[in-house]
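S.K.: Below is a structure I'd like to ask you about.
The values are calculated or read from the model by the stated rules, or taken from the named source; none is laboratory data. These numbers were taken from a predicted model, which means no experiment stands behind them. Heads up, the Cβs are rebuilt from the backbone with ideal geometry, glycines too, and the neighbour counts pull from every protein chain shown.
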Amino acid sequence: MRVSLTINGATRDVEAGAGDTLLEVLRREGVMGVKKGCGTGDCGACAVLLNGRAVNSCLVLIAKCAGAEILTVEGLARDGELHPLQTAFLEEGAVQCGYCTPGMMMSAIDLLTRNPDPTEEEIRTAISGNLCRCTGYEKQVLAIRKAAERMRGEGDE
Amino acid sequence: MALHSVETVLRPSTLEEAWEEKAKRGESARFLAGGIDVVLYTPPTVTTLIDLGGLDLGFVRADEGALEIGATASMTQIIEAPAVGGYLGGFLGTALRYVASPLQRNAATLGGTIAMAHPWSDVIPALLVLDAEVILFDGGERTVSLEAFLGERGTGRESHPLICGIRLPAATEGAGGAYRSLTRTAFDVSLLNAACVGSIDDGSWQDVRLAIGGTPALARRVRGVEETIAGADVSEEAIAEAADAAAAAIDARDDLRASAEYRRELAAVLVRRCLSEVAGTSEGRAA
């Protein structure tokens, strides 16, 4: 089947199998920031925004994505400038091996879009579907909080 | 993983069309809503998916105190809907927040949840104590109680209609609801869960509805205890007695997550906390 969808702002017409997942199509299209971890929705490494909401792309069929807008970690930076969330992740050491990072960031974007001033508990809930085996989550929570401050125009910049 | 056996995905625009396509194909076709369980559990004999996304079933609306929720509304949509927040103090949203993770709640739908009826579901116990009715379509629209619909599963008498949505009758004025679940991790499914709705009039329990799920069987109402507690004075003793009776009444069994013995202990604690919260006691507020 042919599916037309927008990936990080660019409209693409992709050829896919009727039973393909969004994750498989994205990676075939060269969007490699989207990781395949478990393939069962447990790890969150494949998280992308689908029409503004973070989902496990391994559990979304491409057939559901006709006309959809997809945002992945590749779509966060603008004009060569990292997104405040990316900067905060780097500064706080929230990236170690990096495998969970793209998915974790998309969960954080979903949160911060709706809740610019989240509590620590809300941050932890938002990333509860993203497994990280390196950091113990402390660094990511700090980074998301720091990004939230900067995106609200507060913080140290 | 891709569903390699799937050759066609249809997207009907009417209930009639969706039903006819399904009836024509029988077991070789599956309905598709959010798609989570379709990706995870579709057997390789399925060649056609019938996407319900074009049927306008994504609604969440209040109707004179009652709530109507469409089959393709996601868990997140339901949690965030003002109509749900205003129904029984947001009880349904509290239960739905236990479902997996936000990533899955953004895709998982009400219809998919009811169709799969996983025994660990956090949604079904909450719907059971709300006396939910399921709106079905199999050539014509009909409504049955969720309890009756689920009761037919595995009996050989069950049908596989198209699930259009649910209707939750208007809550009794002054009624409250409470939901508790224990999981090994924030993400894992319930070791056991309990849902309770009830009200208190003049210091005694009225119309208490209690359901326990993940026993590890699918949630069921605990009617014996509902009947015993009705009319009883609201006291810590009555709550503890009801909680112990509920724990004794469930069909607790061992599985990889917990033993039957542990589940009974857990049932008593979770039911006590639910009843305490509905009663507005300090333990209910704290737990």
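S.K.: Could you check, for segment B:80-102, whether at least one of its residues is at the interface with chain A (Cβ under 10 Å from one of its Cβ atoms), surrounded by fewer than 22 Cβ atoms within 10 Å (Cβ to Cβ) and in a helix (DSSP H, G or I)?
M.R.: Yes - at least one qualifying residue is present in segment B:80-102.
S.K.: Continuing with the same structure: Kindly evaluate A:Leu22 against the criterion of being surrounded by fewer than 16 Cβ atoms within 10 Å (Cβ to Cβ) and either of a type in the set (A, V, I, L, M) or in contact with a strand residue (DSSP E or B) (Cβ under 6 Å, 6 or more places away or on another chain) (or both).
M.R.: For A:Leu22, the condition - surrounded by fewer than 16 Cβ atoms within 10 Å (Cβ to Cβ) and either of a type in the set (A, V, I, L, M) or in contact with a strand residue (DSSP E or B) (Cβ under 6 Å, 6 or more places away or on another chain) (or both) - is not met.
S.K.: Let me ask something else about it. Please verify whether B:Arg30 is in contact with a strand residue (DSSP E or B) (Cβ under 7 Å, 6 or more places away or on another chain) and either within 12 Å of another protein chain (Cβ to nearest Cβ) or closer than 23 Å to A:Ser128 by Cα (or both), treating the condition exactly as stated. Break it down into steps so the answer makes sense when it comes.
M.R.: Details: in contact with a strand residue (DSSP E or B) (Cβ under 7 Å, 6 or more places away or on another chain): yes; either within 12 Å of another protein chain (Cβ to nearest Cβ) or closer than 23 Å to A:Ser128 by Cα (or both): yes.
Criteria met by B:Arg30.
S.K.: Hey, among the residues in segment A:14-39 that are closer than 26 Å to B:Leu10 by Cβ and either part of a loop (DSSP other than H, G, I, E, B) or at pLDDT below 95 (or both), which one's farthest from the other protein chains (Cβ to nearest Cβ)?
M.R.: This residue is A:Glu29.
S.K.: Just for segment B:243-270: of the residues that are among the basic types (Lys, Arg) and assigned to a loop (DSSP other than H, G, I, E, B), which one is nearest to B:Ala217 (Cα to Cα)?
M.R.: B:Arg253
S.K.: Hey, another quick one. More than 12 Å from chain A (Cβ to nearest Cβ) and surrounded by 20 or more Cβ atoms within 10 Å (Cβ to Cβ): is that true of B:Ala71 in this structure?
M.R.: yes
S.K.: Somewhere in segment B:225-242, is a residue in a helix (DSSP H, G or I), farther than 15 Å from B:Leu275 by Cβ and either modelled with pLDDT of 95 or more or of a type outside the set (Val, Ile, Thr) (or both)?
M.R.: Filtering segment B:225-242 for residues in a helix (DSSP H, G or I) gives B:225-229, B:236-242.
After this cut, where a residue has to be farther than 15 Å from B:Leu275 by Cβ as well, the list is none.
Looking through segment B:225-242, none of the residues is in a helix (DSSP H, G or I), farther than 15 Å from B:Leu275 by Cβ and either modelled with pLDDT of 95 or more or of a type outside the set (Val, Ile, Thr) (or both).
S.K.: Quick check, is B:Gly154 over 17 Å from B:Leu92 (Cβ atoms) and either of a type outside the set (Lys, Arg) or in contact (Cβ under 8 Å) with a residue 60 or more places away in the chain (or both)?
M.R.: Yes; evaluated as a whole, the condition is true for this residue.
S.K.: Is segment B:61-68 home to any residue that is hydrophobic (A, V, I, L, M, F, W, C), within 20 Å of B:Asn106 (Cβ to Cβ) and touching a helix residue (DSSP H, G or I) at 6+ places or on another chain (Cβ under 8 Å)?
M.R.: Within segment B:61-68, not a single residue is hydrophobic (A, V, I, L, M, F, W, C), within 20 Å of B:Asn106 (Cβ to Cβ) and touching a helix residue (DSSP H, G or I) at 6+ places or on another chain (Cβ under 8 Å).
S.K.: Being surrounded by fewer than 20 Cβ atoms within 10 Å (Cβ to Cβ) and out of contact with any Asp or Glu (no Cβ under 7 Å at 6 or more places or on another chain): is that true of B:Gly111 here? Full working, then the answer.
M.R.: Working: surrounded by fewer than 20 Cβ atoms within 10 Å (Cβ to Cβ): no; out of contact with any Asp or Glu (no Cβ under 7 Å at 6 or more places or on another chain): yes.
Against the criterion (surrounded by fewer than 20 Cβ atoms within 10 Å (Cβ to Cβ) and out of contact with any Asp or Glu (no Cβ under 7 Å at 6 or more places or on another chain)), B:Gly111 does not qualify.
S.K.: Another one. When the residues of segment A:95-126 are filtered to those that are outside any helix (DSSP H, G or I) and in contact with a Gly (Cβ under 8 Å, 6 or more places away or on another chain), which remaining residue is farthest from A:Val55 (Cα to Cα)? So that I can check it myself, show each step before the final result.
M.R.: Of segment A:95-126, the ones outside any helix (DSSP H, G or I) are A:95-100, A:115-119.
Still in the running and in contact with a Gly (Cβ under 8 Å, 6 or more places away or on another chain): A:99-100.
Values: A:Tyr99: 17, A:Cys100: 14 Å.
That would be A:Tyr99.
S.K.: Separate question: What number of residues in segment A:43-68 are surrounded by 24 or more Cβ atoms within 10 Å (Cβ to Cβ), at the interface with chain B (Cβ under 7 Å from one of its Cβ atoms) and either under 17 Å from B:Ala33 (Cβ atoms) or of a type in the set (Ser, Thr, Tyr) (or both)?
M.R.: The number of residues fulfilling the criteria is 6.
S.K.: Name the residue, out of B:Val144, B:Val197, that is over 13 Å from the mean Cα position of the chain (by Cα) and surrounded by fewer than 21 Cβ atoms within 10 Å (Cβ to Cβ).
M.R.: Numbers: B:Val197 fails: surrounded by fewer than 21 Cβ atoms within 10 Å (Cβ to Cβ).
The match here is B:Val144.
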